[in-house]
1. For the subset of the stretch 58-104 comprising residues that are aromatic (F, W, Y) and surrounded by 10 or more Cβ atoms within 10 Å (Cβ to Cβ), which member is farthest from L124 (Cα to Cα)?
2. Return the total of residues in the stretch 113-133 being surrounded by 12 or more Cβ atoms within 10 Å (Cβ to Cβ), more than 14 Å from V28 (Cβ to Cβ) and of a type in the set (A, V, I, L, M).
3. Within the stretch 110-136, track down each residue that is of a type in the set (K, R) and part of a loop (DSSP other than H, G, I, E, B).
Amino acid sequence: MRIILALLSGVLFGAGLAISGMADPMRVRAFLDLFGAWDPTLAFVIGGAMIPMSLAWMVQRRIERPFVDKAFTLPNTHGVDGKLALGAILFGIGWGIGGLCPGPAIASLSLAPAAVAPFVLAMLGGMALHRFTIRS
């Protein structure tokens, strides 16, 4: 049951990225181009995503455990430090240059694999480099 729910969640997430335009690098770049030909449509997508997420947090607070697990595994919150700031800066630079971030990049593999594969390979390389060089 757990694997089926994970698969359905992934398919729903990927479909949402594709339908919303978040998997389209040109639309993302136009959204990030605040002083040029700015396209505000992704602001509505991001804002709209806050509604179901808010509902999910309200439900999570009211139930003892998830439906398919023994307990919730939520990350602890910490203050902003140098590693978080550097990671956010690198993420923003990569998002601006590539027009993709990890979720939409994976979803885009089904839409335009040849165009997105270099980004995904570079992303996986960066993840591997982080895993083997940075101590948490």
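The values are calculated or read from the model by the stated rules, or taken from the named source; none is laboratory data. As the structure is a computational prediction, the values presented were derived from the model and not from experiment. Neighbour counts are summed over all protein chains in view; Cβ atoms, including those assigned to glycine, are modelled from backbone coordinates with ideal geometry.
1. F72
2. Here the count works out to 5.
3. R135
Condition check ((1) of a type in the set (D, E, K, R); (2) modelled with pLDDT of 85 or more; (3) over 26 Å from S108 (Cβ atoms)) across all residues:
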| position | (1), (2), (3) |
| --- | --- |
| L5 | no, yes, no |
| M22 | no, no, no |
| P25 | no, no, no |
| A30 | no, yes, no |
| G79 | no, yes, yes |
| A85 | no, yes, yes |
| L90 | no, yes, no |
